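First the structure, in the form of structure tokens, and then the observations on it.
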Amino acid sequence: PVLVKSAISALWPLMAFVVWIFVSFVFHTPTGVGLQNVLVISTFVGLVLLASYESYRDRNFGWLVRTTIVWASWLAGSLYVIQLLIGGLGSRTFLSARGFALLALLGLACHLGAWRHGRRRELWWAVALTLLIGASLSRMALGIALMFFPLSQLSPGSLRSWIKMGLITALVASSALLAVTYVEPLHESLFEGDTVEVEGIAINVAGRDAIWPAILESYLQSPITGLGAGSSEEMLTQNFSGGANHPHNDYLRTLHDYGPLGLGLLVLGLLKLLAATGRNWMRASRRGEPEASLHLAALLAVAGFSVAMITSNVIVYVFFMAPLGALVGASLGRISSRAPRSHAAGLPEAPSVQPSKTAGAASFSKTNWGASQRGDGEA
């Protein structure tokens, strides 16, 4: 297989992170759960590399990834609607509310990428998916979903873009305030239960005020190498009753299990992915290339992933990490529609494809990608 240079350049810290994880087996025996976690992280890195190659080889591959993620999000959304009818807001009858909300964030990123680049009807699909995320009562996922809307309109060099972003932010903030005030289950999930006062406001932290200090205290037993894959979950299972077996903070999980080197490589890897997908998006948007919406979707997804790790365990959820890896890899492989041969040795240049003048109602045509023909997506 051929490795795409743009993917290697962006991914090397995470590749080094995976290597360090396996090196840590020398110092600490991984738990069974820890091995599962390592498999998920390795799958993500491997899928980024594989998808980048396929995306370079076939410029329609990104369209396939985007369409698959959108359909998967709406399949999960349809099942969750049934669950809502059975059990009400936040129901967990047969589908994890938090799991659905996290997967839906990837579909939302794809919808908003298309909206930004000319597919106006995609906005209504994005709004509908956001309402379902809100109905799950997953607070972090809802916050990220709302954050996506103004971020999708950002253009650093455009005053018009900043004004539009400000107006969308005001609208989103107002809607969120009304929802928190008048939707009782959402209000309870935020301000009632296991609360901690922040500036005089009681915030429901769901036990994190006890879990996080315990993880930090445990980490100090081995501050150089960490305590090994799965050690944070093992410690919580032994010391906390009531099913508290996850750190609910993937940065603390990484520090505890793999030490400061592991955490540093993870953070650097996220910054490199944000920079690479952001750079690809701005370049493609300025040139009016059809892949711009794909790059924006990948950028939003990586940003959402980075934020979600603050209070969730998303880095060990394969149902999220696998499609995220495919989406990011598809973006990295399409660094430009005029990518030189040097990006993949021995591979012919992708043929030039002109955007089509028509597209379907809820998805892209393979050659259009939802690119704006009016040039209103410049970055």
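The values are calculated or read from the model by the stated rules, or taken from the named source; none is laboratory data. Remember, predicted model here, so these are calculated numbers, not experimental data. Note that each Cβ is placed from the backbone with ideal geometry, even for glycine, and that neighbours are counted across all protein chains shown. These accessible areas exclude ligands, DNA and RNA; they are computed on the full protein's heavy atoms, side chains included. Shrake-Rupley method; radii C 1.70, N 1.55, O 1.52, S 1.80 Å.
Taking the protein heavy atoms of the range 219-335 in the context of the full set of protein chains, the accessible area attributed to carbon and sulfur is 64 percent at 1.4 Å. With 0.36 nm allotted per residue and the present C-alpha distance subtracted, the Phe94-Arg57 stretch has 9.4 nm of extension available. Rolling a 1.4 Å probe over the protein heavy atoms leaves Met165 with an accessible area of roughly 30 Å². Across the range 150-197, counting alpha-carbon atoms alone, Rg and Dmax equal 15.4, 44 Å. Full extension of the chain between Phe191 and Ile168 yields a length gain of 5.7 nm, computed as 0.36 nm times the residue separation minus the alpha carbon distance. Among the chymotrypsin sites (Phe, Trp or Tyr not before Pro) in the range 237-297, those placed in a DSSP loop whose Cβ has at most 15 other Cβ atoms within 10 Å are Phe240.
Report the calculated FRET efficiency for Thr181 and Leu39 (r = Cβ-Cβ distance, R0 = 51 Å), to the nearest 0.05. The calculated FRET efficiency here is 0.75.
Overall size of the range 1-47 from C-alpha positions, given as principal axis extents largest first: 34, 18, 17 Å.
Across the range 104-241, Cα-Cα pairs farther apart than 17 Å form 70% of the total. Among the chymotrypsin sites (Phe, Trp or Tyr not before Pro) within the range 36-120, those in coil by DSSP and having at most 13 neighbouring Cβ atoms inside 10 Å are Phe94.
Legend: translational diffusion of the range 1-122 by Stokes-Einstein, Rh = Kirkwood radius over C-alpha pairs, 10 °C, 1.306 mPa s; D = 91 µm²/s. Equivalent-ellipsoid semi-axes for the range 206-322 (Cα gyration tensor, √(5λ), whole Å, largest first): 34, 15, 10. Between Ser78 and Gln238, the contour length at 0.36 nm per residue exceeds the alpha carbon distance by 53.8 nm. Under 5 Å between amide hydrogens, built in the peptide plane, is the criterion, and for Ile203 it picks out Val196, Glu197, Val198 among residues at least 5 positions away or on other chains. Surface analysis of the range 1-155 yields an accessible area of 41 Å² per residue, using protein heavy atoms and a 1.4 Å probe.
Within the range 254-340, the trypsin sites (Lys or Arg not before Pro) that combine a DSSP coil assignment with at most 12 other C-beta atoms in a 10 angstrom radius are Arg338.
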